[in-house]
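What follows is a single structure, written as structure tokens, with notes after it.
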Amino acid sequence: MVSAVQAEKRMKAAVIDRLLEGQRVDDDSVLISEMTVANWTRRADIVLANGRLWAFEIKSEADRLVRLPGQVNTFAAHFEKLTIVVAPRFEAQVREMLPDGVGLWVEESDGCLKERVRSRALPLKLDAALSLMTAADLRGFLSCNGVRYIKGAPRAILEEMANEFPVVDLANAAREAVKQRFRRSHRAFVERRASVGTLAAIDALRRFDQKKAKQNDAVLPLFPLPELELANDHPLLFEAPAGRVLKRRLSRA
């Protein structure tokens, strides 16, 4: 019997394979697993950041739909596209609750995904764009747009300053900030997928929980580091659940 974790992981792999086979993932795109939004209250199963932020919420055979309405409301507000991916037994029930513009994919008996309802892209709203950027992202955006004396400004002030700029500019900045934040783990996934396949490589997309990290603006992803030739007793090397991780040496400056 397939466990809930295994069922969800299998469907995640199917989503990623469909996106890759449909040429939705180009060299500038980034795939993300378990991306948190809304002050870490919600976690999107898969996100594709390309020209838009496209979220996928998965409900496998072992899941329930109790949380789905709240998840849909949150993800629809924080991403530009949203698709719900479900096991066949949920199709009719999800169709009944599906808001206008939200897509629906259904898993078929062979494990492939069939699009039942096409998702529609909507512009990213101001609040969502701001929430997707860290304080460092906001400082970078403001600095690039000629705003000075922001080094020690608190986040609330940075957001107030950012509010003066067009929403489309903030949306573009948020999208690029998300890509930059997850690009390293995406590249590790792509490298692993080439040798072991999508299902076995998915763990490379995992990252530290930003809420628990000591430094929100400097978060390291969890994935093997094959490009580094380090001794097993290296003082900064430790074993994490997803593989070897090199600790960040904090600056004393």
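Values in this text are rule-based calculations from the coordinates and carry no lab data. Keep in mind the model is a prediction, meaning the values are calculated, not measured. Here the Cβ is made from the backbone with ideal geometry for all residues, glycine too, and neighbour counts use every protein chain on show.
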Distance (nanometres) between label positions extended 7 Å along Cα→Cβ at Cys112 and Asp100: 3.3 nm
Signed unit charges on C-beta, dipole axis of the range 91-177, positive-most listed residue Val102, Ala171, Leu124: Ala171
In sequence order, calculated HN-Hα J values of the range 21-37 (Karplus, 6.51, -1.76, 1.60; Hz; x Gly/Pro): 5, x, 6, 8, 10, 9, 5, 9, 7, 9, 9, 10, 10, 6, 7, 8, 9
Chymotrypsin sites (Phe, Trp or Tyr not before Pro) lying in DSSP loop within the range 112-186, provided at most 11 other Cβ fall within 10 Å: Tyr149
Sites Ala136 and Phe165 - FRET efficiency at Förster radius 25 Å, r taken between beta-carbons, to 0.05: 0.90
Segment Arg52-Lys151, extension gain: residue separation times 0.36 nm, minus the distance between their alpha carbons: 32.7 nm
20 Å Cα-Cα threshold exceeded, pairs from Lys9/Lys114; Lys81/Lys114; Lys59/Lys114; Lys59/Lys81; Lys81/Lys125; Lys125/Lys151: Lys125/Lys151
